[in-house]
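*Asks:* This structure is in structure tokens; I'll ask about it shortly.
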Amino acid sequence: MRFKVAALQFTVIAASLIFTAAANARTINLVGFGDSLMAGYQLPPGDGFPEKLQSALKAKGLDVAVANAGVSGDTTTGGLARIDWSVPDGTDGVILELGANDALRGIPPEVSEKNLDQMIARLKQRGIDVLLVGMMAPPNMGADYAARFNPIYRKLSEKHGVRLYAFFLDGVALDAALKLEDGMHPNAKGVDIMVGKMEADVTNFVGTISTVKK
């Protein structure tokens, strides 16, 4: 009889633990906020960075949804203007990727830095974690411009205490076979490379969110 009672108690406890774990489990909601590099310029549906990143994370057993809030042609000024309404309530983290178009247009790096600074501050005020994604000025902009533009991401990461992924096009920027005919945007294979290189950083980012917000 004691054995049956003990077995019953064990079953009840186990069921309780399973129910509690299921109740606590939740989807981590991320938003990929950026320009055409995030939006998936000229790529078929499902081949953009947010979509492929979500698939890679789910394949690792992570319950993560990655929304695509990329807008082709967007600058940091445009991003600042839409950051509040493009990132919905309930978002846990934002992968913030902007600045490439600023550099292509020769926008003063000080303007880009100020805009990114305000975007990060607004997201943090809403309790949304940020993974900042860096860009690099194109060579044709000259060494002086690059010296002013390239460091802004590291500076902002340190100022706000947010994670930084140094260069979004790492592994792709110098390989024509991984880009579209325009020589600027990644093709589907290029996106695969980007996801593969960034997956570990995003996984750590998600882990931080899960730990802090449980």
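The values are calculated or read from the model by the stated rules, or taken from the named source; none is laboratory data. Everything quoted here is computed from the prediction, not taken from an experiment. Here the Cβ positions follow ideal geometry from the backbone for every residue, glycine too, while neighbour counts run over all protein chains shown. Calculation scope for accessible area: heavy atoms of the full protein, side chains included, ligands and nucleic acids excluded. Shrake-Rupley method; radii C 1.70, N 1.55, O 1.52, S 1.80 Å.
*Asks:* At what distance in nm do the modelled label points of ALA176 and ALA146 sit from each other, each positioned 7 Å from its Cα along Cα→Cβ?
*Replies:* Taking the simple label geometry, ALA176 and ALA146 are separated by 2.0 nm.
*Asks:* For LYS159, project a label point 7 Å along Cα to C-beta. Then give me every residue of region 101-115 with its amide nitrogen under 12 Å of that point.
*Replies:* Taking a point 7 Å out along Cα→Cβ of LYS159, the residues of region 101-115 whose backbone N falls under 12 Å are 110-115.
*Asks:* Moving on. Suppose every K and R has +1 on its Cβ and every D and E has -1 on its Cβ; what is the size of the dipole of the chain about the Cα centre, in Debye to the nearest 20?
*Replies:* The calculation lands at about 1100 debye.
*Asks:* To continue, here is another question. Taking the Cβ of TYR145 as the centre, find all other residues whose Cβ is under 14 Å away and add up their charges (Lys, Arg: +1; Asp, Glu: -1).
*Replies:* That sum, taken over residues with Cβ under 14 Å, equals -2.
*Asks:* Using a 1.4 Å probe on the protein heavy atoms, what percent of the accessible area of the chain belongs to carbon and sulfur?
*Replies:* Carbon and sulfur atoms account for 59 percent of the accessible area of the chain.
*Asks:* State the antiparallel share, in %, of DSSP beta bridges confined to the chain, rounding to the nearest 5.
*Replies:* 5
*Asks:* Using only DSSP helix segments of four residues or longer, with each worth -39500 (n - 2.57), what per-residue ellipticity at 222 nm results for the chain after dividing by its residue count and rounding to 500?
*Replies:* For the chain, the value works out to -17000 deg cm²/dmol.
*Asks:* Could you do me a favour and compute the accessible area per residue for region 143-204, 1.4 Å probe, result in Å²?
*Replies:* 53
*Asks:* Below 18 Å Cα-Cα, how many Lys pairs turn up in the chain? Only count pairs eight or more apart in sequence, or on different chains, if you could.
*Replies:* 16
*Asks:* Here's a follow-up. Once you sort the root eigenvalues of the Cα gyration tensor of region 55-214 as a ≥ b ≥ c, which label holds: rounded (a/c under 1.5), prolate (a/b larger than b/c) or oblate (the other case)?
*Replies:* Verdict is oblate for region 55-214.
*Asks:* Spin-label point model (7 Å from Cα, Cβ direction): what's the ARG105 to ARG82 distance in nm?
*Replies:* 1.3
*Asks:* On to the next question. Using the Kyte-Doolittle scale, find the helices of the chain whose mean hydropathy is at least -0.5 and whose Cα atoms extend 20 Å or more along the helix's long axis, counting only whole DSSP H runs.
*Replies:* 2-24, 188-213
*Asks:* Multiplying the sequence separation of ASP47 and THR27 by 0.36 nm and subtracting their Cα-Cα distance, what value in nm do you get?
*Replies:* Full extension of this stretch gives 5.0 nm more.
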